[in-house]
Amino acid sequence: MYTGRLIFSQLMDVIPKYKFRKIVDRHNGNYRVRRFTCWDQLLCLCFGQLTFRESLRDLTSTLNALDSRRYHMGIKYKVPLSTFADANHSRPWQIYQDLAMVLIDQARKVVSDQSEMERATESIYALDSTTIDLCLSLFPWAEFRSRKAAIKLHTLMDLEGSIPTFIHISDGRTHDVNVLDMIPIMAGSIYIMDRGYLDFQRLYDLHQFGGRFVIRSRKNLQFYRKSSKPVDRSQGLQCDQLIRLTGPKPKEKYPEPLRRIRLIDAENDQNIILLTNMKTCSAQTICEYYKSRWQIELFFKWIKQHLRIKAFYGQSPNAVKTQIWTAICTYLIILITQRTNQFNVKMHTMMQVLSVAILDRMTLKQLFSDDSLTEYDPQLRNQLGLFDF
């Protein structure tokens, strides 16, 4: 029988403690702190994410009831509710942002080292945002509409390993296009965006920096066609054109030719028009690039379903940002654990299993070695259908 460390402690080994201490020292996070350090705060918040704790009182009550197991988790003392709330309110959220950046670098290294396919010469990124609704009476600083509050999570995702490389948290009124001024542009990389980011001045700046883009266009775009290429209409393609913008402001902001591709999405009954500055790729490849943007939508759906970013442990901007960044850290910890150990288990299954086995004493390989976690037969149903008799 395995009598070693808890599952939770093994997961937290992913975090490089030396680097975390350097981050805390840089932000002076443990200034005048006696017991409940930033490391303790991080452990508590990650435990809340992994066990689906809905409130701060729920989280502290659970931790304080664990006694010796809480000690073996790495938290030596009981966690007072007021101390935890003060830490979330006052300690810089940038500590956990910097930790997330460290884990992002670690995750990208793990994914690139284990990639069996021939690595592409360029990186492919998807840029999008998701809105998190809040109660206006509890979060007045996040006013979105007259009776509604919200924040936005702007994310740039590396599509090779579903790893967020850039995250910006803003109020709900911030337009998506403003984030184009913040993202790091790497020459040769491809940036895939929806039409909310259509700003020709910013796109031209991205082009000037050596970046390439694929973006969905609006239907009322003013242009004239310079040339056309034949397309395979059996694939849904309608045209592949080289164009110049003719609108007074657009042609001034983007003076160079653009490529325009139109396709019919028969499955969703949509007429999609794409603009890109890539001239050599085939039209089908451009469409595949845009189709891969769906991965970031799945990422937003996953974190909203499996992480605590819709019910918050505090009401201040610092507490909200701290919880979101620790949620991102939790996602990266599970991703790194899955890829490092090469578990053939989906991440949502890992979250469900960890939520009930987080305090067990067994190795991670023992926990995820059960074949029932990877095998699924849709023909085997334990529950009858609604109209089965």
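Looking at 45, 59, 63 in this structure, which one is out of contact with any Asp or Glu (no Cβ under 9 Å at 6 or more places or on another chain), outside any loop (DSSP other than H, G, I, E, B) and either outside the structural domain of residue 334 (by TED's automatic domain parsing) or under 14 Å from residue 12 (Cα atoms) (or both)?
None of the other options fit; the residue is 45.
Being under 17 Å from the mean Cα position of the chain (by Cα) and surrounded by fewer than 21 Cβ atoms within 10 Å (Cβ to Cβ) narrows it down to one of 176, 171, 86, 128, so name that one.
Exactly one of 176, 171, 86, 128 is under 17 Å from the mean Cα position of the chain (by Cα) and surrounded by fewer than 21 Cβ atoms within 10 Å (Cβ to Cβ), namely 176.
Go through the range 311-364 and give me each residue that's hydroxyl-bearing (Ser, Thr, Tyr), surrounded by 18 or more Cβ atoms within 10 Å (Cβ to Cβ) and over 14 Å from the mean Cα position of the chain (by Cα).
313, 322, 337
Which of the residues spanning the range 215-256 are outside any strand (DSSP E or B), farther than 25 Å from residue 292 by Cα and not polar (S, T, N, Q)?
247, 248, 249, 250, 251, 252, 253, 254, 255, 256
Could you list all residues from the range 25-37 that are under 15 Å from residue 78 (Cα atoms) and at pLDDT 90 or above?
36, 37
Tell me, which residue of the range 57-75 that is surrounded by 15 or more Cβ atoms within 10 Å (Cβ to Cβ) and without any contact (Cβ under 8 Å) to a residue 24 or more places away in the chain is farthest from the chain's Cα centre (by Cα)?
Here the answer is 64.
Restricting to the range 267-304, count the residues that are in contact with an Asp or Glu (Cβ under 8 Å, 6 or more places away or on another chain) and among the β-branched types (Val, Ile, Thr).
2
Filter the range 162-212 for residues that are in a loop (DSSP other than H, G, I, E, B) and among the β-branched types (Val, Ile, Thr); which is nearest to residue 151 (Cα to Cα)? Give the steps one after another, and end with the answer.
Our first condition is that a residue be in a loop (DSSP other than H, G, I, E, B); within the range 162-212, this holds for 162, 172-175, 182-189, 194, 198-199, 209-211.
This time we only want the ones that are among the β-branched types (Val, Ile, Thr), so: 174, 183, 185.
Details: 174: 9, 183: 18, 185: 25 Å.
The residue in question is 174.
The values are calculated or read from the model by the stated rules, or taken from the named source; none is laboratory data. These figures come from a predicted structure and were not determined experimentally. All Cβ positions, glycine included, derive from the backbone under ideal geometry; neighbour counts span all protein chains shown.
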